[in-house]
Protein chains: 4
Amino acid sequence: MSTDGRANPSSNMTAALPGTPDPALLEDLVAANRILSDHGVLDAYGHISARDPANPGYYWISRSMAPALVSAADIIACDLDNNPVRPGETSLFFERVIHGEIFKARPDVMAVLHNPSPSLIPFCNSDTRLRPMVGSAAFLGEGAPVFDIRTVDEGGDLNICTIAQAKGLAQALGRHCLVLLRGHGAVAVGESIRQVVRRAIIAESNARQQIQAALLGPVHFLTAGEIEYAKRMKPKDPDRAWRLWKQRAMGG
Amino acid sequence: MSTDGRANPSSNMTAALPGTPDPALLEDLVAANRILSDHGVLDAYGHISARDPANPGYYWISRSMAPALVSAADIIACDLDNNPVRPGETSLFFERVIHGEIFKARPDVMAVLHNPSPSLIPFCNSDTRLRPMVGSAAFLGEGAPVFDIRTVDEGGDLNICTIAQAKGLAQALGRHCLVLLRGHGAVAVGESIRQVVRRAIIAESNARQQIQAALLGPVHFLTAGEIEYAKRMKPKDPDRAWRLWKQRAMGG
Amino acid sequence: MSTDGRANPSSNMTAALPGTPDPALLEDLVAANRILSDHGVLDAYGHISARDPANPGYYWISRSMAPALVSAADIIACDLDNNPVRPGETSLFFERVIHGEIFKARPDVMAVLHNPSPSLIPFCNSDTRLRPMVGSAAFLGEGAPVFDIRTVDEGGDLNICTIAQAKGLAQALGRHCLVLLRGHGAVAVGESIRQVVRRAIIAESNARQQIQAALLGPVHFLTAGEIEYAKRMKPKDPDRAWRLWKQRAMGG
Amino acid sequence: MSTDGRANPSSNMTAALPGTPDPALLEDLVAANRILSDHGVLDAYGHISARDPANPGYYWISRSMAPALVSAADIIACDLDNNPVRPGETSLFFERVIHGEIFKARPDVMAVLHNPSPSLIPFCNSDTRLRPMVGSAAFLGEGAPVFDIRTVDEGGDLNICTIAQAKGLAQALGRHCLVLLRGHGAVAVGESIRQVVRRAIIAESNARQQIQAALLGPVHFLTAGEIEYAKRMKPKDPDRAWRLWKQRAMGG
């Protein structure tokens, strides 16, 4: 991670070029950028990555740009120390350290999203936990954890720029699917690009609905049993939403 | 209902093919799917059905797909045990059991909608009842009932997959026009497709307005006399909204 | 007002045909219907009328239809007893009695709008008065009055269908520019179509802002002196908004 | 400032024509008008100006018109007494006195925006201060000041029409980046057009998020250290948002 000199590479190994990218994975990653923008869950900032299934020590992510403008040619590979595979890449998200550290800490995770989702911000700065209102939001469990960067760095920057900060974030994430960052935004993870996109969109609407419900009085969230049930089960037709959202975001 | 094996068919009769579908009914059902999507009352999930007027033991519903993408060719017939009339249909909504049980319990009902309408979710998880703010929402009566699936099934699934769950839901609906499902969404019924669509769109805006009003202090809902009056009267020009909404959703 | 038989014509005079309609007035009335729809201040229901400047005993209004679809050919003339000038007109707003009675009670008023503006509904059903947040909303004065139809009719209908109901509404309006109707919507009046459109759009945004402000604690509304000042002054460039809104709503 | 006769020119110097306008600056000023309109931060009213870098005693601003309709040909130059450089200009914003007085009081300021941003209005009329929820809003500091025109003028007009009013506003702004005007709107300043646009868009979303957060309980705003850090640092890629917003607002 040579571009800003702040991250401390944990490995000296020469980055090996992963195999030719899977076209389906690239297509999903481009679509994810467009869908998240179309839903207002991403605006000019934020980024989503996918671990390479054939080379789990690498991940794919766009160059530093607005997600709404990403095409397949903008997707590059990085190793888990966040060094680009192809030498000379300079236009890189400075917060990509989030992706490498989470992929290291969570071998089960195949996709990572960092985004300043508008309705999640109120929960980032509150003692009220974001909790599931409906079954599809059961991945929020008993409440999304909130990472306070001051627990690892008192410098005053709210961005995740160093390995230490990213490790602290990964620790706050733990086994959860979504972690909120005080004064900053959210990170969602999952076993596929499509699952992470679905979680991000559901988290945003769940947040709006929880705020509205709080106005009406005490809120009845999912029970522990319902959360456990949802974790055991696969969604019945998850790609139905993906196909609709992709068509809306990309035409066709 | 052979596709998921969970529903217990209450009848052994061979499904008889109902008459050729009424083109006007199919056109309304397609338009309903598009209008509800256009209003954000449906997104990728949810479904609307219409009882066949000539064969009241059957109903029409789309195959399992996003409502915004439904065309007339996607509409199929099911009997009230939710078995598709045409053999070999496999792409079916697993929650279609809702439709069959409500059509059985309510002979007056000619259309059923199940949807996760965004602003209704807060009322699904609250002790505050959804009540009518304006005359056109009088169908909400003294407050929409809330069905808690735990009253019939403690398994932890919030979806309505079994006959027992659907019967419980139909019982909670009773003689009402709309029932909320804790942690899940809503079911609206009516004497026509157009009436159900109108009720779903009005319920969503009524919910937003009730939440806003709750912020301002005590809310003055419709009186019992006003609710009774509205139930006795027919709306003066209900199709005015239908025509506008259809034009917006489908062009032309 | 022979079409629904409920209004009691207060005059036997044969409706005299007013002069050829002013094309500019018709153009403004069509644009008003489109602009109000484009702003979501009108949906399928509601209506706006303009008094004929050359024949102040008559007003122009569209036939009963969705405002978004109104063209010049849909505009008809009525006398102040709400009888259409041209015999045989049958497609008439049943609530047009509002227009006649307000034009009678308020000779200064040249345009009347009745609409179920979404963010005004919470104030229709609350003891909290709608009050001006900004100078352009000073027409709300010390707070918009709320008309409760039960003060004139206990029948249970919330619509304004009879002369007695419309007279009660006009009395509640008094010298105000906007009156709210419990459980129903609003009526705005002004000295021109453009002023009424501006007032309706500002009232809607003022309502949203007042609800948000109420969340933050005590709200500081315009002072009596500021309201008085605004009433004395003409807006500096009122047509700037009209031109923009018209271009957005109608293209060109 | 001869067009309305209310402002008292503080200088007798003949306005010298500044050099030919910088095409890049004009392009940014047009784009700013379109972007702010596209974001709903400006509607028909409000204006943005840029100081001429080569002639800091002059600024560029559009003629009095809706910002969404501004083209390069609509941009004119004024001196800091708000007199247009080219004689005969008559279509001028009457509140342009805001721009001249702030450019005089704040030599560091290169762009000024006055706008009635919808979600800022609640904070204009509240004792609750608008404070930063996220790092990009750190320019709000410990809270945006609120200017009450009654501190300089009891006449009842909420608009800033006189030098005395504009001086009072500039004093309330002080060294801040944004000042709220009771019953009116906001003024944002910055070292470039792009920075002011970014601040206005962030202020609007920050206001919405702060209102939502207030519903959830006590709000944890940025710490003093985080605000100081953000003030010292430059944003890493500020033009990423500008390029996206410009493409959305202007096509291409």
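The values are calculated or read from the model by the stated rules, or taken from the named source; none is laboratory data. Just so we're clear, the structure is a prediction, and the values are computed from it rather than from any experiment. Methodologically, a virtual Cβ is constructed for each residue, glycine included, from the backbone with ideal geometry; neighbour enumeration extends over all protein chains shown. All accessible areas refer to the heavy atoms of the entire protein, side chains included, with ligands and DNA or RNA removed. Shrake-Rupley method; radii C 1.70, N 1.55, O 1.52, S 1.80 Å.
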Taking only the alpha-carbon atoms of chain C, the convex hull volume per residue, in cubic angstrom, is 126 Å³
Distance in nm between A:ARG175 and A:ASP108 label points, each 7 Å along Cα→Cβ, equals 0.7 nm
Once normalised by the length of chain D, the mean sequence separation of its alpha carbon contacts under 8 Å that are 6 or more apart gives a contact order in percent of 22 percent
Rounded to whole Å², per residue accessible area for the protein assembly as shown with a 1.4 Å probe reads 38 Å²
For D:GLY251, inter-copy label-point distances (7 Å, Cα→Cβ), nm, shortest first, read 1.3, 1.3, 1.8
Taking the label point 7 Å from Cα along the Cα-Cβ vector, the copy-to-copy distances for C:GLU191, listed from shortest in nm with one decimal, are 5.0, 5.0, 7.1
The alpha-carbon pair-distance distribution computed for segment D:63-137, with 5 angstrom bins and whole-percent values, is 3, 11, 18, 19, 19, 14, 10, 6, 2, 0
Chain B to chain A by rotation: the residue of B with the beta carbon nearest the axis and the rounded distance in Å are B:LEU215, 4
Expressed in µm² per second, the diffusion coefficient of segment C:63-200 from the Stokes-Einstein equation, with Rh the Kirkwood radius over alpha carbon pairs, at 25 °C and 0.890 mPa s, is 157 µm²/s
Taking N as the number of residues in segment B:168-252, the ratio of its alpha carbon radius of gyration to 2.2 N^0.38 Å works out to 1.27
Rounded to two decimals, the Debye log10 I(q)/I(0) of the protein assembly as shown (Cα scatterers, no solvent) at q = 0.05, 0.07, 0.10 Å⁻¹ is -0.34, -0.67, -1.34
Taking every residue of B:226-235, the Cβ atoms of other protein chains inside 10 Å of its Cβ average out to 3
Partner lysines whose C-alpha sits under 24 Å from that of B:LYS236, ignoring same-chain residues fewer than 8 away, are B:LYS246, C:LYS167
Taking C:ARG232, D:ARG198, A:ARG182, D:ARG129 and ranking on accessible area (1.4 Å, protein atoms only), highest first, one gets C:ARG232, D:ARG129, D:ARG198, A:ARG182
Relative contact order of segment D:46-153 (C-alpha contacts under 8 Å, at least 6 apart) in percent is 22 percent
Using alpha carbon centers only, segment C:229-252 is separated from segment A:138-165 by a whole-angstrom value of 48 Å
On complex formation of B with A, accessible surface lost, both sides summed, probe 1.4 Å, nearest 100 Å², amounts to 2600 Å²
Across A:196-208, the residue-averaged tally of Cβ atoms belonging to other chains within 10 Å stands at 1
Rounded to the nearest 10 Å², the accessible area of D:THR151 using a 1.4 Å probe with every protein chain kept is 110 Å²
Sorted largest first, the C-alpha extents of segment A:18-101 along its principal axes in whole angstrom are 31, 26, 22
Env charge @ D:ASP74, Cβ radius under 15 Å, K,R +1 / D,E -1, value +2
Shielding of D:62-68 by other chains, given as the mean Cβ count within 10 Å, works out to 3
For the protein assembly as shown, the accessible surface attributable to carbon and sulfur atoms (probe 1.4 angstrom, ligands and nucleic acids excluded) amounts in percent to 53 percent
Relative to chain D, whose Cα atoms define the longest principal axis, helix D:239-250 and its Cα axis are tilted in degrees, nearest 10, by 60 degrees
Distances in nm between the label point of B:GLY40 (7 Å along Cα→Cβ) and its equivalents in the other copies, shortest first, are 0.6, 0.6, 0.8
